[in-house]
Amino acid sequence: MTDFRPLNAPPPGHDGEHRYVHVIGSTVFIDDRPGEDDWRIHFIGMVDGHAWWAVDVPADTDPSYGAAIDLRRFYGRAPEHQWLAAGRAVQIVEWARTHRFCGRCGAETALAEGERAMRCPGCDLLSFPRLSPAMITLVTRGEPGPEQEALLARGVQWDIPMYSCLAGFVEPGESLESAVVREVHEEVGITVSAPSYFGSQPWPFPNSLMIGFRARYESGEIECDPAEIADAGWFLPGELPMVPPGISIARRLIDAWLAESVDQVK
Ligand SMILES: [Zn+2]
């Protein structure tokens with residue numbers, strides 16, 4: 001059985017093995033020991049038939065306690081469903097660490113019974129784990145095939161000459177499709193149409209859900225927002241710059257587009 005089912009409590013009658021994702025800062029290692037008695041643990045789900053827990057390792061623990069690695073490096077060292085489970089562990093622990101006090105009245109919170117929430121004993125406010133949806137989009141120009149171009153951009157904060165799809169957080173009150181059109185226009189000054197859903201990916205850096213779209217070029221010339229985009233351009237399938245590694249949905253968007261352009265040639 002190789003799967004990951006996110007759950008908030010072990011299924012009734014589970015008598016199999018337990019695994020513990022130790023979360024040190026935002027790094028992880030997986031062990032069959034639950035850590036110290038007074039450390040907080042959170043159930044995260046069933047992985048390959050085992051019950052998986054997240055262990056909140058206190059910040060003042062000796063760094064030699066375990067050989068933890070960050071989530072990006074964990075990718076590729078474990079099957080993808082285990083990487084997703086470890087990402088959930090980091091997000092749940094980080095949420096519990098940052099919701100120790102009520103945002104409304106300031107009282108100390110406690111884990112709620114029966115649901116994944118922190119409850120305030122003073123005013124009953126429930127605080128759930130935070131997820132920040134972000135759209136990511138591959139914009140194309142021209143008819144499908146080897147002459148169709150894709151718009152890729154390099155972020156100002158990237159320290160390698162890599163180009164990727166455009167991405168940005170969804171604003172309150174906005175649909176995903178509107179976010180695609182707005183972000184592309186803000187970041188590179190062009191107008192796109194026909195956003196179509198591609199797929200999604202949990203992105204635990206620190207708590208995003210990436211929602212992938214394709215969109216078509218409509219009008220305008222590239223004009224980069226210097227606060228976010230160092231460079232952007234139109235690229236043919238055969239002339240791509242350095243693109244992101246396989247961990248990201250950006251790469252899946254680009255690879256799917258490349259596969260299409262090859263199919264058109266056949
Ligand atoms: Zn309160």
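What follows is calculated from the coordinates using simple rules that are stated; it is not laboratory data. All values derive from a computational prediction rather than experimental measurement. No Cβ is skipped: glycine too gets one built from the backbone with ideal geometry, and neighbour counts run over all protein chains shown.
Inter-label distance, HIS185 to ARG216: 1.8 nm, where each label sits 7 Å from its Cα along the C-beta direction. Based on alpha-carbon atoms, the Kirkwood radius and the radius of gyration of the chain give Rg/Rh equal to 1.04. The trypsin sites (Lys or Arg not before Pro) of the stretch 112-168 that DSSP puts in a loop, and whose beta carbon has at most 13 other beta carbons within 10 Å, are ARG130. Computed about its Cα centre, the charge dipole of the stretch 7-149 is approximately 380 debye, with only Lys, Arg, Asp and Glu carrying charge at their Cβ.
Of the residues CYS120, CYS165, CYS105, CYS224, the one with the fewest other Cβ atoms within 10 Å heads the list, and the complete ranking is CYS105, CYS224, CYS120, CYS165.
A dipole drawn for the chain from +1 and -1 charges on Cβ atoms has a positive end, and of PRO244, VAL23, GLY145 the residue lying farthest that way is VAL23.
Just add up the charged neighbours of GLY199: K/R +1, D/E -1, any other residue whose Cβ is under 11 Å from the Cβ of GLY199. Spell out each step's value before the answer.
Values: positive: ARG214, ARG252; negative: none.
Local charge sum for GLY199: +2.
Out of every Cα-Cα pair that the stretch 132-265 contains, those further apart than 25 angstrom amount to 17 percent.
Pairs of Cα atoms under 8 Å, at least six residues apart: use those to get the relative contact order of the stretch 132-265, whole percent.
On the way: 287 pairs, mean separation 47.0, N = 134.
Relative contact order of the stretch 132-265: 35 percent.
The residue list ALA51, VAL93, VAL262 was ranked by how far each Cα lies along the charge dipole of the chain toward its positive end, using unit charges on Cβ atoms, and ALA51 comes out on top. Net charge near LEU126: determine it from the other residues with C-beta under 14 Å of the C-beta of LEU126, scoring Lys and Arg +1 and Asp and Glu -1. After counting each charged neighbour, the total is +1.
What net charge is computed for the residues neighbouring GLY25, neighbours being all others with C-beta under 14 Å from the C-beta of GLY25, Lys and Arg scored +1, Asp and Glu -1? All intermediate terms of the calculation are to be shown ahead of the outcome.
Numbers: positive: ARG72, ARG73, ARG97; negative: ASP56, ASP60, ASP62, ASP70, GLU94.
Net of charged neighbours comes to -2.
Taken about its Cα centre, the chain carries a charge dipole of roughly 380 debye when the Cβ of each Lys and Arg holds +1 and the Cβ of each Asp and Glu holds -1.
Treat the count of other C-beta atoms within 10 Å as a stand-in for reagent exposure and order ASP38, ASP31 from fewest to most. All intermediate terms of the calculation are to be shown ahead of the outcome.
Values: ASP38 6, ASP31 12.
Ranked by crowding around the Cβ, least crowded first: ASP38, ASP31.
Per residue, the chain reaches -6000 deg cm²/dmol at 222 nm when only DSSP H runs of four or more residues are counted, each adding -39500 (n - 2.57). Here is the size of the stretch 4-98 from its Cα atoms: Rg then Dmax, 12.4, 36 Å.
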